[in-house]
Amino acid sequence: MNPWLEGLICLLLLVGSLFTLIGSIGLLRLPDFFMRLHGPTKATTLGVGSTVIGSMLYFTTQHEGLSLHEFLIPLFLFITAPVSAQMLCKSAMQQRLGFIERTRGKPWKP
């Protein structure tokens, strides 16, 4: 395998792991629901996407064809994560879920 390509694959895997870790820590540590929603929808989506793209590059170089079936995983994730986050946020707003004072963009009065 080309050392330059191997380095790119390693970089994608490391970046993906780092973003997934940051998103998971954000889900655990952020104070209210609206802030916690950003961890899995932004950082973790980018982390999983990077990891799967690195995996796709690796298996494409190991076999004789393109590994396009792995491309469907991040595509599905990039489509469904914003939609599910929007639906979760809308339902939390309808239930007037509690929030902390630092949360911006309040659509209702507490």
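The values are calculated or read from the model by the stated rules, or taken from the named source; none is laboratory data. Given the structure is predicted, the values throughout are model-derived calculations rather than measurements. For neighbour counting, all protein chains shown are included, and Cβ atoms are generated from backbone atoms with ideal geometry for every residue, glycine included.
Here 53, 73 are screened, and the one residue that is in contact with a helix residue (DSSP H, G or I) (Cβ under 7 Å, 6 or more places away or on another chain), closer than 29 Å to residue 1 by Cα, β-branched (Val, Ile, Thr) and surrounded by fewer than 18 Cβ atoms within 10 Å (Cβ to Cβ) is 73.
Taken over region 1-15, the criterion of being at pLDDT below 95 and touching a Ser or Thr at 6+ places or on another chain (Cβ under 7 Å) is satisfied by 1, 5.
For the subset of region 1-45 comprising residues that are surrounded by 13 or more Cβ atoms within 10 Å (Cβ to Cβ) and among the polar types (S, T, N, Q), which member is farthest from residue 101 (Cα to Cα)? Step by step, filter region 1-45, then rank; the result is 17. Quick check, is residue 82 part of a loop (DSSP other than H, G, I, E, B), of a type outside the set (S, T, N, Q), under 26 Å from residue 101 (Cα atoms) and in contact (Cβ under 8 Å) with a residue 24 or more places away in the chain? Spelling it out, it is not the case that residue 82 is part of a loop (DSSP other than H, G, I, E, B), of a type outside the set (S, T, N, Q), under 26 Å from residue 101 (Cα atoms) and in contact (Cβ under 8 Å) with a residue 24 or more places away in the chain. In the condition set (1) touching a Ser or Thr at 6+ places or on another chain (Cβ under 9 Å); (2) more than 23 Å from residue 1 (Cα to Cα); (3) free of Cβ contacts under 8 Å to residues at least 24 places away in the same chain, residue 43 is compliant with all but (3). Considered as a group, the residues in region 65-109 that are among the aromatic types (Phe, Trp, Tyr) and under 21 Å from the mean Cα position of the chain (by Cα) include one that is modelled with the lowest pLDDT, and that residue is 71.
Listed by position, the helices (runs of 4 or more DSSP H) inside region 1-72 whose residues that are within 30 Å of residue 92 (Cβ to Cβ) and among the β-branched types (Val, Ile, Thr) number at least 3 are 3-29, 44-62.
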